[in-house]
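Worksheet: one structure, shown below.
The values are calculated or read from the model by the stated rules, or taken from the named source; none is laboratory data. Since we're looking at a predicted model, the values are computed, not measured. No Cβ is skipped: glycine too gets one built from the backbone with ideal geometry, and neighbour counts run over all protein chains shown. To get the accessible areas, we keep the full protein, side chains included, count just its heavy atoms, and leave off ligands, DNA and RNA. Shrake-Rupley method; radii C 1.70, N 1.55, O 1.52, S 1.80 Å.
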Amino acid sequence: MRIVIAGGHGQIALRLERLLADRGDRPAGIVRRPEHAEDLAAAGAEPLLLDLEAAAVPELARLLDGADAVVFAAGAGPGSGAARKLTVDRDAAVLLADAAELAGVRRYLIVSSMGADAEAEYPADEGFQTYLRAKGAADDAVRARPGLDWTVLRPGRLTDGPGTGLVRLAPGLPRGAVDRQDVAAVLAALLHEPGTAGRTLDLLAGNATVAEAVAAVAGRG
């Protein structure tokens, strides 16, 4: 499969690119800084240079030519202001959906967040509230597309361990944490499991292998 990843230099994206390349897929990552191209090449991914905050739909669609799937893994980051949470976490996800439809790419995975909701209330942290609302609005926009075979993945609090390969994957899980390496492994498995299309799934560390967890939500477990 040729899989194009928006936010190709992110921590989850680089892990995903390595996993995809190792199993024989052809990952490509969209980055806005030329100096990131070397890191993507080292991960086995083709670098695609484009600024998602400035790109037009046809411009992005051209990069998706021949792709079997797209993954939205971009994010403004915890140090960003409210404006960039909207232009990256929300608007860039919608842009990728528009471009995927134009390019005829049906499979769309979006990396969201537990608690994402377009009307989220989080008075203790206005920045985090903006983030949850932006992610929730992006999820809603993607799920409204009948032309996309979408899966929304909502990891819990992200940690940087080596990954255990053991997860919980289901709608409506309680709060918890999960290693970025395990998020990448679940994304890689979801890309090859069409039975998970149309699902919104929370992800935490757990007791099932990635293969078992993905098979269960696809109705094969």
Checklist outcome for this item: Selection over the stretch 124-136 where residues are touching a residue at least 12 places away in the same chain (Cβ under 8 Å), open to solvent by 10 Å² or more (accessible area, probe 1.4 Å) and either in contact with a helix residue (DSSP H, G or I) (Cβ under 6 Å, 6 or more places away or on another chain) or part of a loop (DSSP other than H, G, I, E, B) (or both) yields a count of 2
Checklist entry - Which of the residues spanning the stretch 137-151 are out of contact with any Leu (no Cβ under 7 Å at 6 or more places or on another chain) and within 23 Å of LEU16 (Cα to Cα)? => result ALA138, ASP139, ARG143, LEU148, ASP149, TRP150
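Condition check: at pLDDT below 95 and either farther than 20 Å from LEU148 by Cα or in contact with a helix residue (DSSP H, G or I) (Cβ under 6 Å, 6 or more places away or on another chain) (or both). Does GLU121 satisfy that?
Details: at pLDDT below 95: yes; either farther than 20 Å from LEU148 by Cα or in contact with a helix residue (DSSP H, G or I) (Cβ under 6 Å, 6 or more places away or on another chain) (or both): yes.
Considered against the rule, which asks whether it is at pLDDT below 95 and either farther than 20 Å from LEU148 by Cα or in contact with a helix residue (DSSP H, G or I) (Cβ under 6 Å, 6 or more places away or on another chain) (or both), GLU121 comes out as yes.
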Checklist entry - Out of all the residues in the stretch 137-152, which are closer than 13 Å to GLY198 by Cβ, aliphatic (A, V, I, L, M) and touching a residue at least 40 places away in the same chain (Cβ under 8 Å)? => result VAL142, LEU148, VAL152
Next on the checklist: If I ask for residues that are over 14 Å from VAL71 (Cα atoms), in contact with a Gly (Cβ under 8 Å, 6 or more places away or on another chain) and among the small types (Gly, Ala, Ser), which ones from the stretch 1-42 would you list?
Outcome noted: ALA21
Next on the checklist: Based on this model, can you work out whether ALA216 counts as assigned to a helix (DSSP H, G or I) and over 19 Å from LEU16 (Cβ atoms)?
Outcome noted: yes
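Quick one: in the stretch 197-213, which of the residues that are in a helix (DSSP H, G or I) and not small (Gly, Ala, Ser) is most open to solvent (accessible area, probe 1.4 Å)? Explain how you work it out, then say what you get.
Pass one, the stretch 197-213, residues in a helix (DSSP H, G or I): 210-213.
Add one more test, that the residue is not small (Gly, Ala, Ser), and what stays is 210, 212.
Numbers: VAL210: 21, GLU212: 105 Å².
Among those residues, the one meeting the criterion is GLU212.
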Item to check | the stretch 153-178, residues that are within 23 Å of PRO194 (Cα to Cα) and part of a strand (DSSP E or B) | outcome: LEU153, ARG154, PRO155, LEU166, VAL167, ARG168, LEU169, ALA170
Item to check | Failed item in (1) open to solvent by less than 20 Å² (accessible area, probe 1.4 Å); (2) within 16 Å of the chain's Cα centre (by Cα); (3) of a type outside the set (Gly, Ala, Ser); (4) farther than 30 Å from GLU126 by Cβ, with ASP25 passing the rest | outcome: (2)
Item to check | Search result, residues across the stretch 25-78 that are among the acidic types (Asp, Glu) and touching a His at 6+ places or on another chain (Cβ under 9 Å) | outcome: ASP25, ASP39
Next on the checklist: Which residue is surrounded by the fewest Cβ atoms within 10 Å (Cβ to Cβ), if the candidates are limited to the stretch 179-196 and must be out of contact with any helix residue (DSSP H, G or I) (no Cβ under 6 Å at 6 or more places or on another chain) and outside any helix (DSSP H, G or I)?
Outcome noted: HIS192
Next on the checklist: Please go through the stretch 36-55 and give me each residue that is more than 17 Å from GLN11 (Cβ to Cβ) and among the acidic types (Asp, Glu), ordered by number.
Outcome noted: GLU46, ASP51, GLU53
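Looking for something open to solvent by 40 Å² or more (accessible area, probe 1.4 Å), in contact (Cβ under 8 Å) with a residue 40 or more places away in the chain and more than 25 Å from THR130 (Cβ to Cβ) - is there at least one such residue anywhere in the stretch 70-77? It would help to see each step written out before you state the result.
Residues of the stretch 70-77 open to solvent by 40 Å² or more (accessible area, probe 1.4 Å): 75.
Next, from what is left, pick out any that are in contact (Cβ under 8 Å) with a residue 40 or more places away in the chain: 75.
Filter once more, keeping what is more than 25 Å from THR130 (Cβ to Cβ): none.
So far as the stretch 70-77 goes, no, none of its residues is open to solvent by 40 Å² or more (accessible area, probe 1.4 Å), in contact (Cβ under 8 Å) with a residue 40 or more places away in the chain and more than 25 Å from THR130 (Cβ to Cβ).
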